[in-house]
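Notes for the one structure printed next.
The values are calculated or read from the model by the stated rules, or taken from the named source; none is laboratory data. Computed from a prediction, not measured in an experiment: that's the story for all the values here. Note: ideal-geometry Cβ built from the backbone for every residue, glycine included; neighbour counts use all protein chains shown. All accessible areas refer to the heavy atoms of the entire protein, side chains included, with ligands and DNA or RNA removed. Shrake-Rupley method; radii C 1.70, N 1.55, O 1.52, S 1.80 Å.
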Amino acid sequence: MNKYELALVVSPKVEDEVREATVEKAKGYITRYNGNITEVEEWGKKKLAYEIQKMHEGFYYFIQFEADAACPAEVERHVRIMDNVLRYLVVRKDA
């Protein structure tokens, strides 16, 4: 099992319940493809480095998980089409 981190930037224009549901949906994709979530960090609302969809801020989440090599591609495939996600990135963490 490899260690990975999913970084999510969620739109600030949605309500708290919708934002939490978006993060839970992303976590659900990880567990669906046999991933084991180890930690979830919520950084809160931060200024974006550049404007995305006419927005200057976003809510940042970092989800650490362990999974086999096929899981990150499947998670990215689903997160890519989620409505409230401005940006995402899955990276492998070295030991």
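Rolling a 1.4 Å sphere over the protein heavy atoms, what is the accessible area per residue of the chain, to the nearest Å²?
The answer is 62 Å² per residue.
For the chain, what is the number of Lys pairs with C-alpha distance below 22 angstrom, counting only pairs 8 or more positions apart or on separate chains?
Going through the chain pair by pair, I get 16.
So for region 18-58, Kirkwood radius off the Cα pairs, Stokes-Einstein at 37 °C and 0.692 mPa s: how many µm² s⁻¹?
For the chosen part, D equals 269 µm²/s.
What is the local net charge at TYR29, summed over the other residues whose Cβ is closer than 14 Å to its Cβ (Lys, Arg +1; Asp, Glu -1)?
Around TYR29, the charge tally is +2.
With the chain treated as a Gaussian network of Cα nodes joined by springs under 10 Å, which of VAL85, VAL18, VAL75 yields the largest mean-square fluctuation?
Highest fluctuation among the options: VAL18.
So how far apart, in nm, are the two label points at ALA7 and TRP43 if each is 7 Å from Cα heading toward Cβ?
So the two model labels end up 0.6 nm from each other.
Amide H of LEU48 versus every other amide H placed in the peptide plane: which residues, excluding those fewer than 5 positions away on the same chain, fall under 5 Å?
Amide H neighbours of LEU48, under 5 Å, 5+ apart: GLU57, GLY58.
Dipole magnitude of the chain about its Cα centre, charges +1 at Lys/Arg Cβ and -1 at Asp/Glu Cβ only, in debye to the nearest 20?
That gives the chain a dipole magnitude of about 320 debye.
Label-point separation (nm) for MET55 and ASP16, each offset 7 Å from Cα along Cα-to-Cβ?
Placing both labels 7 Å along Cα→Cβ, they lie 1.8 nm apart.
Along the three principal axes, how long is the chain when you take its alpha carbons, biggest first, rounded to the nearest angstrom?
38, 24, 20
Run a plain Debye calculation on region 27-83 (Cα atoms as equal point scatterers, no solvent) and give log10 I(q)/I(0) at q = 0.19, 0.22 Å⁻¹, rounded to two decimals, same order as the q list.
-0.79, -0.93
Between beta-carbons, use under 12 Å as the cut-off and find the net charge around THR38, counting Lys and Arg +1, Asp and Glu -1.
Counting the neighbours of THR38, the net charge comes to -1.
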